[in-house]
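Encoded as structure tokens, the structure appears first; notes follow it.
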Amino acid sequence: MADMPVITVDGPSGTGKGTVCSFLANWLGWHLLDSGALYRILALAADKHAVSLQDELSLAELAEKLQIQFTAQQAGSLVKVMLDDEDVTDAIRTEACGNAASQVAAIVPVRQALLARQHAFCQPPGLIADGRDMGTVVFPDADLKIYLTASADIRAERRYKQLLDKGIGANLRDLSADIRARDERDSNRAVSPLKSAEDAIIIDTGELEINEVVNAIRKHVNETFPNLQQ
Ligand code: DC
């Protein structure tokens, strides 16, 4: 793992991390770790197996045993996520699942149980790691660390538009409150809180189009890996 090139992209939800990471993985032909999906899958599995979100030990045991499969991603398409033999690609993307994921993600034994799984994604030719603690805890030696940020209001508006585009009704004020509550919990938890690594490049995506964010990151990738062949 030591010689494997790794780029980490951290930051709160709604900053465009998912889109940026999927673009980078396609562009470079590298693997993609969507670490938030792991916490979301665990939250969904807990619901399925009637495990309480307060039952830390059972949640950690469940995290060890999860049968998860991410299908190889193709340019422009979403990664398919399987839990046991069930396609949970859409089920893990609901607001309720995101909130439950934020709760299980604050539990120390859960984070420990998911650590080895995350390291296992580090395979040749390289890895793009998307999350909250990729640059601080999971891949502290990453070659390039990016931290995306944007105000809570802008992120809530983006989420609102995304949901409307999908035909899902939403209330902007509720979304904004949810985002602030989630930020609060993710940033203030004792273990692996959401924060930028000291050596991360911080990009505020609030006033930028996604292609501008991608172009800014591409410049850093080219500087960090001058011999890369895409
Ligand atoms: O990125 P996301 O919205 O899919 O993440 C869902 C939740 O999982 C988020 O509220 C915080 C948590 N999470 C985390 O604690 N650490 C990570 N590396 C990724 C996500």
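Within the option set Arg185, Arg180, being within 14 Å of the ligand (Cβ to nearest atom), open to solvent by 50 Å² or more (accessible area, probe 1.4 Å) and touching a Ser or Thr at 6+ places or on another chain (Cβ under 7 Å) holds for one residue only, Arg185. Just one of the listed residues (Asp133, Asp143) is open to solvent by 70 Å² or more (accessible area, probe 1.4 Å) and modelled with pLDDT of 90 or more, and it is Asp143. List every residue pair whose Cβ atoms sit under 7 Å apart, with the two residues 6 or more apart in sequence or on different chains, where the first one lies in the range 90-113 and is open to solvent by less than 40 Å² (accessible area, probe 1.4 Å) and the second, anywhere, is of a type in the set (Phe, Trp, Tyr) and part of a helix (DSSP H, G or I). Going by the 7 Å Cβ cut-off, the qualifying pairs are Ala101/Tyr39; Val104/Tyr39; Ala105/Tyr39. The set of residues in the range 178-230 that are under 15 Å from Asp143 (Cβ atoms) and in contact (Cβ under 8 Å) with a residue 40 or more places away in the chain comprises Ala197, Asp199, Ala200, Ile201, Ile217, Arg218, His220, Val221, Thr224, Phe225, Leu228.
Looking at (1) more than 13 Å from Gly36 (Cβ to Cβ); (2) touching a Phe, Trp or Tyr at 6+ places or on another chain (Cβ under 9 Å), find the lone condition where Thr136 falls short. For Thr136, the failing item is (2). Please determine whether any residue of the range 150-171 is at pLDDT 90 or above, under 26 Å from Pro109 (Cα atoms) and not basic (Lys, Arg). Checked the range 150-171: no residue is at pLDDT 90 or above, under 26 Å from Pro109 (Cα atoms) and not basic (Lys, Arg).
Within the range 163-211, can you find the residues that are acidic (Asp, Glu) and more than 20 Å from the chain's Cα centre (by Cα)? Listed by number, the residues that qualify are Asp165, Asp174, Glu207. Screening the range 4-118 for helices (runs of 4 or more DSSP H) wholly inside it with 3 or more residues that are under 12 Å from the mean Cα position of the chain (by Cα) and not charged (D, E, K, R) returns the ranges 17-28, 35-48, 95-104. The sole residue among Ala46, Ala50 that is farther than 27 Å from Asn222 by Cα, modelled with pLDDT of 95 or more, open to solvent by less than 20 Å² (accessible area, probe 1.4 Å) and out of contact with any Phe, Trp or Tyr (no Cβ under 9 Å at 6 or more places or on another chain) is Ala46. Every condition in (1) buried (at least 18 other Cβ atoms within 10 Å of the Cβ); (2) under 23 Å from Asp90 (Cβ atoms) holds for Asp174 except the one numbered (1). When restricted to residues that are surrounded by fewer than 18 Cβ atoms within 10 Å (Cβ to Cβ) and not aliphatic (A, V, I, L, M), the range 1-43 contains 5.
Rundown of residues vs (1) at pLDDT 90 or above; (2) closer than 20 Å to Ser13 by Cβ, yes/no style:
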site	(1), (2)
Thr71	no, no
Val79	no, yes
Asp90	yes, yes
Ala100	yes, yes
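The values are calculated or read from the model by the stated rules, or taken from the named source; none is laboratory data. Keep in mind the model is a prediction, meaning the values are calculated, not measured. Methodologically, a virtual Cβ is constructed for each residue, glycine included, from the backbone with ideal geometry; neighbour enumeration extends over all protein chains shown. Keep in mind that these areas ignore ligands, DNA and RNA; they rest on the heavy atoms of the full protein, side chains included. Shrake-Rupley method; radii C 1.70, N 1.55, O 1.52, S 1.80 Å.
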